[in-house]
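Colleague: Sharing a structure with you now.
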Amino acid sequence: MFKKIGKKYTIALAIGLAVVGIFSQKGVAQADADSDIARINAEYQSLDRTSYDASNAFTIAPHNTSAPFSVGQLNPAYINKGIAYWNFFRDMYGMPRVYTTSEYNELAQFASACLTATGEANLWHGFDPSIYPKPDFISQADWKKGSAAAQNSNLAQIAYTNDVGGTVETLFGEKNNGIGNNTGHRAAMLYWDLKGVGIGNTYAGSQYGSNTGVVSFYLGDRLNSTYTEEFDNTTYPNKGVFPIQYAVDVPWSIYSGTDKNAFRHYPSITVKNNTTGQTGKGINLNSDDSHYGFQESLSFRPSGVDLRSGDEYTVTVHNMAVKGNIQDYSYSFKLFTLGDDTSSHQYDVLDKNSHGSDDNQGGTTNPNDDFQFANGKVTVNSQSAEVFDDYHTGKGTVVKSADYGSQWVYSATALDANGTKWYLIGDGAWISSDVVTTGQLTDNGNNNNNNGSANNDSSEQAASGISTVISPNGAQLYDTIGQRLDRRLDYLSAWRFSGIKNIGGTNYYAVGENAWLKETDILNAGYSFPITAKTQISYGQPVGLWSQPTWNSAWVKSVTYGTAWQINRFTVDSQGNLWFDLGSGAWMPAVYGTPWQWS
């Protein structure tokens, strides 16, 4: 799992014209809530319940594992069911409905068929030939068509469900996302101006068996008009009423349609149960600015507050930019039980969320489990060590196995109900003290003038810190032997690293399982180096310059939009923010300028 550090920036006095205030949505009126709940339940009951698998999902079965290659054609009823589920969620928000076309369905089918043809069914938006060489039995034209379609699609492996309705629900809730709290699938489904879409699926050929494969949701017509205020600040759960079944054990989110820097001012979140008065917080905060037409998103998980059907809640995002003003933004919703589910829907979220290592997190799972943040490493001493998604009962869901002798950096410890100690070795990944021995975490920094040194050793060494991407084009990810992966990380994004190794004389930093950043693309927190470069102010309001590369220093002056400046030095602060030294004791947050260029 990647451990991204939220893009956190203070109110920036320098933008000294910013107005500090609060915007609040009024509570949910009971009569309106009852009417909306009845409407949503009626639409839910009308959804197609037909179960689809490889035996009935196609009118023309695909042939995509050997020659002659054919993508096949899905049963129109299967596609219509997927569109109906998609529109069910959009209708809940009052958003325009999406429609499908034969062209978009064909493109989605090409994306799914080409991915499944590799025999691995891994999900890549675009096909990197160094990772997935084109199978000989697929023409270059078909391969290019599938690659282009995959780049413009929501993709999902469906080993966890063989039906399109369940897949749509999973993407909407982000229940099986491999990147923690990233909610890009949901954002794509909820983009207000989305129009034409397509659905594709090919069951055969996946490593998971003949009845599973890759499902593609092609995003056709979108970004076609100017954003309107009607759907600005789209929230999950939705303002108004929201089914409790989709609110539990998933990341919540808010998407800004107009403010590119909406969540870059050290946001924090309060979650209040208005019915009981119980107040909690949002944890695992993760901001991103690459979400299918939204300017910026903030994802989080509720902590310290019970989620109960029939109760009303208010979420307050502190230090949010709304149309250029830094303020507290609040919205309310009421949870209800969807459909005829008669089970008791009362959830203590503290008992539902695992804890990561982000500074924005807090609280414990219960008063007696001794949860605490910690740094260290453990070595597996058992031939069969399993890693679980939870530690409370001493037995959760197995997420992976850990090899004998492998070493893992942990970021937190806790005790289960039996008093056994557990170590957090990844996002939602816990390993028991029964199968590991502990060791001391060492920091390998300070050995050169940039990011630290792995001592020219190709073996991984334990290290911890924050790496910020300073390459204007983003940073390529590499695997454990230095081979390129099919993903890049955004310019100025900051990531926690847990290890360092030297490959061919270059240091690489571990920011996820089998995911490494090259030192030439990043700068670690606490380090700086001289450079001769230039930038231009890109923020629409006056931007402040500071006496030191920290928000706590004195404000020097403000500079205006469009002015160009010489950069003399880069520095990354303890939170992962990149600063530009403009000379004469004036520092500028890099986020307010265009990506730097060589002078």
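The values are calculated or read from the model by the stated rules, or taken from the named source; none is laboratory data. Not measured: the values here are computed from a predicted model. Here Cβ is always computed from backbone atoms with ideal geometry, including for glycine, and neighbour counts include all displayed protein chains. The protein model used for the area step is the full one, side chains on, heavy atoms only, and it has no ligands, DNA or RNA in it. Shrake-Rupley method; radii C 1.70, N 1.55, O 1.52, S 1.80 Å.
Colleague: Give me, ordered by chain and number, the residues 5 or more places off GLU174 or on other chains with an amide H under 5 Å from its own placed amide H.
Modeller: Counting only residues 5 or more places away or on other chains, the set is empty.
Colleague: Right, something else. Using the crude model of +1 on Lys and Arg Cβ and -1 on Asp and Glu Cβ, and no other charge, please compute the dipole size for the range 514-586 relative to its Cα centre, in debye to 20. Working shown, then result.
Modeller: On the way: 4 positive and 4 negative charges, 36 e Å.
Computed about the Cα centre, the dipole is about 180 debye.
Colleague: Counting only residues 5 or more places away or on other chains, whose amide H sits under 5 Å from the amide H of THR275 once H atoms are built in the peptide plane?
Modeller: Here GLU312 satisfy the definition.
Colleague: Tabulate in residue order the Karplus-calculated ³J(HN,Hα) for the range 294-308, using 6.51 cos²θ - 1.76 cosθ + 1.60 with θ = phi - 60°, rounded to whole Hz; enter x for Gly and Pro.
Modeller: Taking θ as phi minus 60°, the curve returns 6, 5, 7, 10, 10, 10, 6, 10, x, 9, x, 9, 6, 9, 9 Hz for the range 294-308.
Colleague: Additional query: Note down the relative contact order for the range 454-599 as a percent, whole number, built from C-alpha pairs under 8 angstrom at least six residues apart. Write down the numbers at each step before the final one.
Modeller: Numbers: 378 pairs, mean separation 33.5, N = 146.
In percent, rounded to a whole number, it is 23.
Colleague: Next question, about the same structure. With charges only on Cβ, +1 for K and R and -1 for D and E, what is the dipole size of the range 51-120 about its Cα centre, in debye, rounded to 20?
Modeller: Numbers: 3 positive and 5 negative charges, 41 e Å.
Dipole about the Cα centre, nearest 20: 200 debye.
Colleague: Continuing with the same structure: Could you look at the range 231-280 and say what percent of its accessible area is carbon and sulfur, using a 1.4 Å probe and all protein chains? Walk me through the intermediate numbers first.
Modeller: Values: 560 of 1230 Å².
With neighbouring chains kept in place, the figure for the range 231-280 is 46 percent.
Colleague: Separate question: Between ILE481 and SER574, how many nm apart are label points set 7 Å from Cα along the C-beta direction?
Modeller: 4.1 nm
Colleague: OK, next. In this model, which of LYS81/LYS175; LYS260/LYS534; LYS175/LYS260; LYS134/LYS534; LYS81/LYS272 are farther than 30 Å apart at the alpha-carbon? Write out the running numbers ahead of the final one.
Modeller: Details: LYS81/LYS175 20 Å; LYS260/LYS534 22 Å; LYS175/LYS260 26 Å; LYS134/LYS534 41 Å; LYS81/LYS272 36 Å.
In this structure, LYS134/LYS534; LYS81/LYS272 exceed 30 Å between Cα atoms.
Colleague: If you average the sequence gap of Cα pairs under 8 Å that are 6 or more apart and divide by the length of the range 471-533, what percent do you get for the contact order?
Modeller: Here the relative contact order equals 32 percent.
Colleague: Mind checking the per residue accessible area of the range 505-599 for me, 1.4 Å probe, whole number of Å²? Before the final figure, lay out each step's value.
Modeller: Numbers: 3910 Å² over 95 residues.
Here the per-residue accessible area is 41 Å².
Colleague: In addition: Ignoring ligands, DNA and RNA, please state the percent of accessible area on the range 542-599 from carbon and sulfur, probe 1.4 Å.
Modeller: Values: 1340 of 2540 Å².
Ligands and nucleic acids excluded, carbon and sulfur give 53 percent.
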